[in-house]
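Here is the structure we will look at.
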Amino acid sequence: MQLDPATLLVVSAATTFLVGTLFMASWRQAPESRVLAYWGAAHLVGAAGSAGLALRNQIPDLISVGLANAVVLAAYGLIWSGVRSFEHREPRVGIAMAGALGWCVLCLIPTFYASIEARIIYASGTAALYCCAAAAEIWRGRAERLASRIAAATILGLHGSFYIVRIPATLVAPPQPGLSPLASHWVAILCFVTLMFSIASAFTFMALVKERAEREQRIAASTDALTGVRNRRAFAGAAADAMARHGDAALLLFDLDRFKAVNDRFGHGVGDAVLVGFCTMASTLLPREALLGRLGGEEFACLLPDVSPAEALARAEELRQTFAQLAVPELPALRVSVSIGIAQARPGIAFDLLMQRADAALYAAKNGGRDRISVADPVATRAA
């Protein structure tokens, strides 16, 4: 089957233009998502470059060869910048434009401009570098689990690999002199691959943005807005799941002593800072597998999986002592402390029952004078 390169270039330009318009329309709806603007601009610029290449032999070579290829290389640079922006890194637009600028400078050299092999090698190498660099950027961010991340990295990597293969193929079988470059089978293949890349990248890039937005919404729905730890509902669900997996666990309930007096005397701003400071301290001292959550007001909870009663008590005492030493130089009269109730879980104990035992221990600590730790009766816990 014969594929007309000029026709494919026109189709590729039209498709890429539509994809760029889609990105720009999405960006208008979510102006804070700059990555959509980068990808939209990249596809619109790429569409202009493809249109210029399609007009080869119909418009001056200065435009169809020099300018059009520079525009296409700029488009690949903008895709790379967009990926960096998506991964919350500096876009570095200057580096993104360096490939196009290098092309323009080299085209001023007669020997380079006269050599179609040199032009193909430079353009292919630059496009491959941007595509592979973009794939590497997406792979670096794999700690953020997005379903389309692997697909996006694969598409970029395969597209870059095509350009890499084109370099030795050009050296082995250079274009025949006297024939129009658009008559080359490589141009037809390149047009088809670029067309598929535009369509595939549109689906995967939009999916990445959508998946991140959904992930952030899920996190926001399960996170306490002030302290950044789990809210009550999220903590209860995570703790119940952890208890089902680990069996042995310890539940620590915290209540900041006389917190209302802190708000009344120093203001709610200081009170909020005390809550944030407690969570920061606890997150630093607790082991990585610990689950920390805010139950409401000045009450917090922590589930420690796979710990003995002695280890749970030692963790609680470290938290109590460290928090009591919290001092603010600007507020020398500020004194804080925390009461802690501990209940040890055993296999088969329901989370709600464990909460009741820890809550009873917490009240015992507060009734006993505050700034202390109380442990639920282990015999009662086992019997329950």
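Under the simplified labelling scheme, the Arg142-Tyr363 pair shows an inter-label distance of 5.2 nm, with each label point 7 Å from Cα along Cα→Cβ.
Placing dummy labels 7 Å off each Cα toward the beta-carbon, the span from Lys210 to Val270 is 5.1 nm. A Cα-only calculation for the chain places Rg and Dmax at 30.9, 97 Å.
On the basis of the beta-carbon distance and an R0 of 41 Å, Arg233 and Thr7 show a calculated FRET efficiency of 0.10.
Quick check: residue separation of Ala240 and Ala25 times 0.36 nm, minus the Cα distance between them. What number comes out in nm?
Contour length minus the Cα-Cα distance gives 73.1 nm.
Long hydrophobic helices in the chain, taken as whole DSSP H segments with a C-alpha length of 15 Å or more on their own axis and mean Kyte-Doolittle hydropathy at least 1.6: 93-107. Per-residue packing, averaged as other Cβ atoms within 10 Å, sorts the ranges 75-85, 7-17 into the order 75-85, 7-17, beginning with the highest. Using the average count of surrounding beta-carbon atoms within 10 Å as a protection proxy, the listed peptides 189-202, 206-219 rank, highest first, as 189-202, 206-219. Rounded to the nearest 0.05, the FRET efficiency derived from the C-beta distance between Val328 and Arg288 at R0 = 41 Å is 0.90.
Short-range pairs are left out: with C-alpha atoms under 8 Å and at least six residues apart, the relative contact order of the chain is 12 percent. Subtracting the Cα-Cα distance of Gln217 and Ala98 from 0.36 nm times their residue separation leaves 39.1 nm of extension gain. Maximal additional length on extending the Ala118-Ile63 stretch stands at 18.0 nm, based on 0.36 nm per residue less the C-alpha distance. Apolar share of the accessible surface for the chain: 62 percent from carbon plus sulfur atoms, 1.4 Å probe.
Charge dipole (Cα centre; +1 on Lys/Arg Cβ, -1 on Asp/Glu Cβ; no other charges) of the chain amounts to roughly 160 debye. Packing here is the average count of other Cβ atoms within 10 Å per residue, and on that basis the peptides 113-120, 142-149, 156-163, 352-359, highest first, run 156-163, 352-359, 113-120, 142-149.
The values are calculated or read from the model by the stated rules, or taken from the named source; none is laboratory data. A quick note: this is a predicted structure, and the numbers were derived from the prediction, not measured. So basically every Cβ, Gly included, is an ideal-geometry build from the backbone, and we count neighbours across all protein chains shown. Note: accessible area is taken over every heavy atom of the protein model, side chains too, but ligands, DNA and RNA are not part of it. Shrake-Rupley method; radii C 1.70, N 1.55, O 1.52, S 1.80 Å.
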